[in-house]
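Have a look at the structure below, then the notes.
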Amino acid sequence: MLAAANDPASSLTEKEVRRNFFDHIILTIKGMAMGAADVVPGVSGGTIAFITEIYEELVYSIKSINLHAFRQLLRAGIPSFWRTINGSFLASVVLGILISVFSLARLLEHLLHNQPILVWSFFFGLIIASALYIAGKIKRWSIIKAVALLAGVGGAYAITVLTPAQTPEAIWFIFLSGALAICAMILPGISGAFILLLLGKYRFVIEAVGNLEVTILAVLAAGALVGIISFSNLLSWFLKKYHDLTIAVLSGFMIGSLNKVWPWKQTTQTFTDRHGTVQPLVQENVLPSEFADYTSKDPLLIQALLLMVIGFALIFIVEGLTRSKTPK
């Protein structure tokens, strides 16, 4: 059971009771989709959680990891603690995330390096459809909800135009980076990977994952654990008290993040990383016709537009499949 009996999420417990082995396989696959999204700067795992109908259960389940849960552990043992934190649900999702992070980190790094336009095109279509889908969750719009949406757009856009920093590699900063990035990972539209990019730690973390640098990963994970438990309490409070306003802001975050995932960019400033490789630091969006490699018959443009359409359609295909599986 979820920790707070009076929580609006307490009804989610009934889902957990009815879940069988196949249901947990599906949850793991959803977690893998979240993990794949979180590896890409500009795409949020929270977006995928929203699309796959596990977002609020995820937030409330994380929130339930608190002192009450640990008292249950001491008083009634592991089974009671596991039920209190909705453990089977969390374990399935986290397993999927970890599978993706450790298996896809190098693949996505390779694709972003070699086919950035195609990768960003797919995610651009994905996020447009996601924003429309999430905004559609609000049944009755009002002026204040529209303002909340615009505030989300402005906030996310402002984050995307910040210049990535070159920052220390000290343990305390890695811990802080983990805490901040994980908060963004559960916000649709704001990518934890992009926060790491802003903090100058994206490639550093990707390399640590690829090389299995245990100390760095352990410190990052500790920061992430502290950050996600703290932030989930705040977010669950907003969802409980101001549900539609919160959803409006989250939709705005996704729209504002489109500035980051626009496929056609020109690098205006570079930096040299710790391995001596020149990396882009500041990029500006351009039209396809202004892109350096553009020609009127460029097949890449057709492929990019096709991937945008596929990304857009995929959201509604997944949503339709999810709806058909949801118990009446």
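The values are calculated or read from the model by the stated rules, or taken from the named source; none is laboratory data. Quick caveat: nothing in here was measured; it's all calculated off a predicted structure. Because the Cβ atoms are built from the backbone with ideal geometry, glycine has one as well, and the counts that use them run over all protein chains shown. Ligands, DNA and RNA are stripped out before the accessible areas are found, and what is left, the full protein with its side chains, is counted by its heavy atoms. Shrake-Rupley method; radii C 1.70, N 1.55, O 1.52, S 1.80 Å.
Among residues of segment 79-121 being charged (D, E, K, R) and farther than 20 Å from Tyr60 by Cβ, the one that is surrounded by the most Cβ atoms within 10 Å (Cβ to Cβ) is Glu109.
Within the group Ile229, Ile195, which residue is among the β-branched types (Val, Ile, Thr) and over 23 Å from Ala158 (Cβ atoms)? Let's see the steps before the verdict.
Values: Ile195 fails: over 23 Å from Ala158 (Cβ atoms).
The unique qualifying residue is Ile229.
The sole residue among Gly96, Gly87 that is closer than 15 Å to Gly31 by Cα and touching a residue at least 24 places away in the same chain (Cβ under 8 Å) is Gly96.
Picking from residues in segment 61-111 that are touching a strand residue (DSSP E or B) at 6+ places or on another chain (Cβ under 6 Å) and not aliphatic (A, V, I, L, M), the one that is farthest from Phe22 (Cα to Cα) is Ser64. Within segment 152-169, is even one residue open to solvent by 60 Å² or more (accessible area, probe 1.4 Å), assigned to a helix (DSSP H, G or I), in contact with a helix residue (DSSP H, G or I) (Cβ under 6 Å, 6 or more places away or on another chain) and closer than 23 Å to Val261 by Cα? Yes, because at least one residue in segment 152-169 is open to solvent by 60 Å² or more (accessible area, probe 1.4 Å), assigned to a helix (DSSP H, G or I), in contact with a helix residue (DSSP H, G or I) (Cβ under 6 Å, 6 or more places away or on another chain) and closer than 23 Å to Val261 by Cα. Whether any residue in segment 122-137 is open to solvent by 40 Å² or more (accessible area, probe 1.4 Å), basic (Lys, Arg) and at pLDDT 80 or above is what I want to check. Scanning segment 122-137 turns up no residue that is open to solvent by 40 Å² or more (accessible area, probe 1.4 Å), basic (Lys, Arg) and at pLDDT 80 or above. Looking at Phe291, is it modelled with pLDDT under 80, farther than 23 Å from Ala184 by Cα and crowded, with 17+ Cβ neighbours inside 10 Å? So Phe291 passes the test. Quick check on segment 186-221: of everything there that is open to solvent by 40 Å² or more (accessible area, probe 1.4 Å) and either of a type in the set (D, E, K, R) or touching a residue at least 12 places away in the same chain (Cβ under 8 Å) (or both), which residue is nearest to Ile134 (Cα to Cα)? Once the filter is applied, the top-ranked residue is Leu197.
Tell me yes or no: at least one residue of segment 116-128 is farther than 20 Å from Phe238 by Cβ and either outside any helix (DSSP H, G or I) or basic (Lys, Arg) (or both).
We begin by selecting, within segment 116-128, every residue farther than 20 Å from Phe238 by Cβ; these are 116-128.
Next, from what is left, pick out any that are either outside any helix (DSSP H, G or I) or basic (Lys, Arg) (or both): none.
No, every residue in segment 116-128 fails to be farther than 20 Å from Phe238 by Cβ and either outside any helix (DSSP H, G or I) or basic (Lys, Arg) (or both).
So, of the residues in segment 225-242 that are within 12 Å of Val59 (Cβ to Cβ) and without any contact (Cβ under 8 Å) to a residue 60 or more places away in the chain, which turns out to be surrounded by the most Cβ atoms within 10 Å (Cβ to Cβ)?
Our first condition is that a residue be within 12 Å of Val59 (Cβ to Cβ); within segment 225-242, this holds for 228-229, 231-240.
Subset that is without any contact (Cβ under 8 Å) to a residue 60 or more places away in the chain: 231, 234, 237-238.
Numbers: Phe231: 21, Leu234: 12, Trp237: 12, Phe238: 15.
Among them, the one singled out is Phe231.
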